[in-house]
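Note sheet for the following structure.
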Amino acid sequence: MNYAELTKRIEAFGHGLCVGLDPDPAKLPTGTDLASFCVGIIDATAHVAVAYKPNFAFFEALGRPGWDALDAVTRHLRALPQKPFLIADAKRGDIGNTAARYAQGILEVMGYDAVTVAPYMGRDSVEPFLRDGKWVVGLGLTSNPGADDLQQLPLEDGRRVYEAVADAYLQWGRPDNLMVVAGATRPEALGALRDRMPDTFFLVPGVGAQGGSADDVVRHGAFRGKPGMGLLINASRSIMYASNGSNWREAATQSAEALAAEITQAYRG
């Protein structure tokens, strides 16, 4: 899915809701497994989700059964008539031939539109993922508490580390093949990042269970002069675990619809 197609999809839905798939075996409803639970969440939210983001760690942790579940979930996502934008939350970050193999496997063989990548090893850990019609989702300004350990460190030229990373992304990729993870829990810094990267899509975690505000994200993070555009706003736990009872599918639908409406209202000011 290219830049124009992703933009049109957000315009058509009126929001940029991304549903994260983080299936914790300890929280699965009775009678489900990883694959059936994720498929149920997908089917309950497909009418409202612009994008999906399976977190590979929750599948990889189970070994072979987990990989089989991820394959089933991926196939189901690719078969949806709505054709959502698919992000592999794999956080790869190696170099050279290794990065090229990760890119081949996730973007080509598995068919994802995008993959999350850690840039710590530099340009050659990102470039193998920069393919026509595919996207790198580079870690930038994350929402976890430990982000301050490195991302906010000052450099001699006055920039913070995350700002230097953003500037590097602008050199390595283009707005049509590289987006940036920018957390909802730091809205002012999100706004500063938007000023730095006026045309780059942001994948924004941290709304919902982590306490971020959709209104703050849209106000600070959207493309300037284009309310709501340029954002994929991710929610995982608040949708997946909206209920642990027999009504878990209906609860997921209601939670996703409520957040989508909240984002749309924020777009409208």
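Bear in mind that the values in this text are calculations on the coordinates, not laboratory data. Quick caveat, the model's predicted, so the values are computed rather than measured. All Cβ positions, glycine included, derive from the backbone under ideal geometry; neighbour counts span all protein chains shown.
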Problem - Surrounding net charge for residue 103, when Lys and Arg each add one and Asp and Glu each subtract one, Cβ distance under 13 Å - result: -2
Practice task
Please find the FRET efficiency linking residue 124 to residue 250, where r is the Cβ-Cβ separation and R0 is fixed at 41 Å, and quote it to the nearest 0.05.
Solution key: 0.30
Completion exercise
The set of residues whose placed amide H lies less than 5 Å from the amide H of residue 202, leaving out same-chain residues fewer than 5 positions away, is 180, 231, 232
Problem - Cut-off under 5 Å, modelled amide H: who pairs with residue 135 long-range - result: 114, 115
Handout entry: Amide H within-cut-off set for residue 140, under 5 Å, with H built and near neighbours excluded
Key = 181
Practice task
Please report 174, 219, 194 as a ranked list, fewest other C-beta atoms within 10 angstrom at the top and most at the bottom.
Solution key: 174, 219, 194
Completion exercise
In terms of the alpha carbon gyration tensor, root eigenvalues a ≥ b ≥ c, rounded if a/c is under 1.5 and otherwise prolate when a/b exceeds b/c or oblate, region 1-116 is oblate
Completion exercise
For region 51-171, the Debye formula with one identical point scatterer on each Cα and no solvent gives log10 I(q)/I(0) at q = 0.10, 0.15, 0.16, 0.23 Å⁻¹ as -0.35, -0.75, -0.83, -1.33
Exercise for the section: Pop out the ³J(HN,Hα) list for region 31-37 in order, Karplus 6.51 cos²θ - 1.76 cosθ + 1.60 with θ = phi - 60°, rounded to Hz; leave Gly and Pro as x. Expected result: x, 10, 10, 4, 5, 5, 5
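Count of lysine pairs in the chain with Cα atoms under 17 Å apart, counting only pairs 8 or more residues apart in sequence or on different chains?
Close lysine pairs found across the chain: 8.
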Problem - Residue-wise HN-Hα coupling along region 74-88, computed from phi with Karplus coefficients 6.51, -1.76, 1.60 (Hz; x: Gly, Pro) - result: 4, 4, 5, 4, 5, 8, 5, x, 6, 6, x, 6, 10, 10, 8
Exercise for the section: Using Cα extents along the principal axes in Å as the read-out, say which of (1) 63, 42, 29; (2) 56, 47, 35; (3) 61, 52, 31 was calculated from these coordinates. Expected result: (2)
